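Participant: Okay, handing you the structure first.
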């Protein structure tokens, strides 16, 4: 993108002043955010805070994928939607929320369900992907597509009172020259159908999705600006009831390393 396109206006300099004053971000980091194209999978519990904070941070283009409509039972956790949005497509409602938060952000809506066939085409249009989907078919499809397209993936999941988060860059090697792990190194196979209950079946604490979605946004911003150490090869686990974070390190398997 032409650098002139990502120059910050006077209004943007004021809007992002608290970012720009951070030496680790500064004007250059804010311009990186403005240039960035991020694909968000799901405008639900995880996607809602993720989209809101990426929009507020000044990510230039947000692609939002969701094939569902807003229902009343979503509103306990999906905070970018409101009562008047019930019955509207989530992509439409999310785009309206982004416009309210930050009119400088371009939204591209994809009102569709991800498949193994469609994932690669979507991923290719963006710089990185944040997956907040609620099913294993989508998670595996996005992980495979991101690895094939060499695009970073920030993926999170929630249970009733717990959540997990990691960053995947399996197309790169770490500082020791060892290939980074992929999603299938962490979860080799999806669980049998019906083993993991859905949110509708088991329930989920609304504020939990806010914690995990905000952590996702933080990892996306770190990847775009190059600050900090992303959660590559590390699975962050959050137990909301115990107010405890734990970390598990994982590596690339021999099978994948030889592939």
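The values are calculated or read from the model by the stated rules, or taken from the named source; none is laboratory data. None of these values were measured; they are calculated from a predicted model. So basically every Cβ, Gly included, is an ideal-geometry build from the backbone, and we count neighbours across all protein chains shown.
Participant: Can you tell me which residue among 211, 232 is under 21 Å from residue 48 (Cα atoms) and under 16 Å from the mean Cα position of the chain (by Cα)?
Facilitator: On inspection, the qualifying residue turns out to be 211.
Participant: Anything in segment 79-94 that is assigned to a helix (DSSP H, G or I) and touching a helix residue (DSSP H, G or I) at 6+ places or on another chain (Cβ under 7 Å)? List them, or say none.
Facilitator: 85, 93, 94
Participant: Let me ask you something else. Return the residues of segment 171-184 that are surrounded by 15 or more Cβ atoms within 10 Å (Cβ to Cβ), more than 14 Å from residue 155 (Cα to Cα) and either in contact with a helix residue (DSSP H, G or I) (Cβ under 8 Å, 6 or more places away or on another chain) or modelled with pLDDT under 95 (or both); say none if nothing qualifies.
Facilitator: The first filter runs over segment 171-184 and keeps only residues surrounded by 15 or more Cβ atoms within 10 Å (Cβ to Cβ), leaving 171, 179-184.
From the residues that got through so far, the ones that are more than 14 Å from residue 155 (Cα to Cα) too are 171, 179-180.
Residues satisfying the conditions are 171, 179.
Participant: Let me ask something else about it. For residue 201, indicate whether it is outside any loop (DSSP other than H, G, I, E, B), more than 30 Å from residue 60 (Cβ to Cβ) and free of Cβ contacts under 8 Å to residues at least 40 places away in the same chain.
Facilitator: In short, yes.
Participant: Mind listing just one residue for me: the one in segment 230-249 that is outside any strand (DSSP E or B) and in contact with a helix residue (DSSP H, G or I) (Cβ under 7 Å, 6 or more places away or on another chain) and, of those, farthest from residue 130 (Cα to Cα)?
Facilitator: 240
Participant: On to the next question. Here are some conditions: (1) touching a helix residue (DSSP H, G or I) at 6+ places or on another chain (Cβ under 8 Å); (2) more than 28 Å from residue 23 (Cβ to Cβ). Residue 225 meets all but one. Which one does it not meet?
Facilitator: Looking at each condition in turn, residue 225 falls short on (2).
Participant: Taking the options 227, 220, name whichever one is assigned to a loop (DSSP other than H, G, I, E, B) and either over 15 Å from the mean Cα position of the chain (by Cα) or surrounded by 12 or more Cβ atoms within 10 Å (Cβ to Cβ) (or both). Let's see the steps before the verdict.
Facilitator: Values: 220 fails: assigned to a loop (DSSP other than H, G, I, E, B).
Result: 227 is the single residue among 227, 220 that is assigned to a loop (DSSP other than H, G, I, E, B) and either over 15 Å from the mean Cα position of the chain (by Cα) or surrounded by 12 or more Cβ atoms within 10 Å (Cβ to Cβ) (or both).
Participant: How about segment 73-91: which of its residues are buried (at least 18 other Cβ atoms within 10 Å of the Cβ) and under 17 Å from residue 46 (Cα atoms)? Full working, then the answer.
Facilitator: Step one: filter segment 73-91 for residues buried (at least 18 other Cβ atoms within 10 Å of the Cβ), giving 74, 77-81, 85, 90-91.
Residues satisfying the conditions are 74, 77, 78, 79, 80, 81, 90, 91.
Participant: For segment 95-190, list the helices (runs of 4 or more DSSP H) that sit wholly inside it and hold at least 2 residues that are within 29 Å of residue 34 (Cβ to Cβ); which are they?
Facilitator: Output list reads 116-123, 136-149.
Participant: So, one more: Please determine, by comparing only the residues of segment 61-78 that are within 15 Å of the chain's Cα centre (by Cα) and assigned to a loop (DSSP other than H, G, I, E, B), which one is farthest from residue 107 (Cα to Cα).
Facilitator: Among those residues, the one meeting the criterion is 78.
Participant: Scan segment 16-62 for residues that are touching a strand residue (DSSP E or B) at 6+ places or on another chain (Cβ under 6 Å) and surrounded by fewer than 20 Cβ atoms within 10 Å (Cβ to Cβ) and jot them down.
Facilitator: Listed by number, the residues that qualify are 37, 61.
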